[in-house]
């Protein structure tokens, strides 16, 4: 005769969910309105050609149209026309190209010794660059207005911990300038500035605009020839 064996089910302890991040704190309705306007502008951005100049004076020209992209700087240029990724190393006079690399652009650029511009990278990945600046837990204030590049811009200051970000927001919601400052105590240990100029916004950019031609005398090589890093 067999006696029934009781089955004991042990309930697994539930792992408590981490607390939701605190949303940004806006010091005024105007600070919220301007920031939300900029976020909405970049949410609606489908194509753009712009120049960006950093605090050293280095200029990059960037074109983006959904999954097509091109960037040209003083040392490197690269493009992806939807099929072919091409990278031009101007210093070494080498031109690398190959198909089917759209999902690995950053990896190949890293192997070439460069990187995608951070604003271009955000837009290419369908990330909103303003949301990346105004992170949860930030305090956002309007600090007046200035005229820059012929545009009256609203000055928005974003603070979190030892970081201060300043955005100059144009009337149409696009960023005219961003400044990032990091502090250790009261000492500023980092300052980075980026100035933007827009050449085309939400206009159709022909696929031919994303071609990167190999200059004469530059050696052509496959992407597989890039050094492993």
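In the range 23-143 the Cα-Cα distances spread across 5 Å bins starting at 0 as 2, 10, 18, 19, 16, 13, 10, 6, 4, 2, 0 percent of all pairs.
Determine the shape class of the range 97-180: with a ≥ b ≥ c the square roots of the Cα gyration tensor eigenvalues, call it rounded for a/c under 1.5, and otherwise prolate if a/b is greater than b/c, oblate otherwise. It would help to have the intermediate numbers written out before the result.
Working: a/c = 2.81, a/b = 1.94, b/c = 1.45.
It comes out prolate by the Cα gyration axes.
With contacts taken as Cα pairs under 8 Å at a separation of at least 6 residues, the range 25-225 carries a relative contact order of 26 percent. Specify whether the C-alpha gyration tensor of the chain places it in the rounded, prolate or oblate class, a ≥ b ≥ c being the square roots of the eigenvalues: rounded for a/c under 1.5, otherwise prolate if a/b is larger than b/c and oblate if not. Cα axes put the chain in the oblate bin. Here residue 211 and residue 53 are evaluated by their C-beta separation; at R0 = 30 Å the FRET efficiency comes out at 0.75. Listed peptides 79-92, 192-205 appear in the order 79-92, 192-205 once ranked by packing, highest mean of other Cβ atoms within 10 Å at the front.
Residues considered: 110, 73, 185. Largest GNM mean-square fluctuation over the chain, using C-alpha springs under 10 Å, is found at 185. From the P(r) of the range 37-106, can you give the percent of Cα pairs sitting at distances over 16 Å? For the range 37-106, the share of Cα pairs beyond 16 Å comes to 57 percent. Annotation for the range 133-204 versus the range 39-81: alpha-carbon center distance of 18 Å.
All of the numbers you see were taken from the coordinates with simple rules; none came from a lab. As the structure is a prediction and not an experimental result, all values here were calculated from the model. We place every Cβ from the backbone using ideal geometry, glycine too, and count neighbours over all the protein chains shown.
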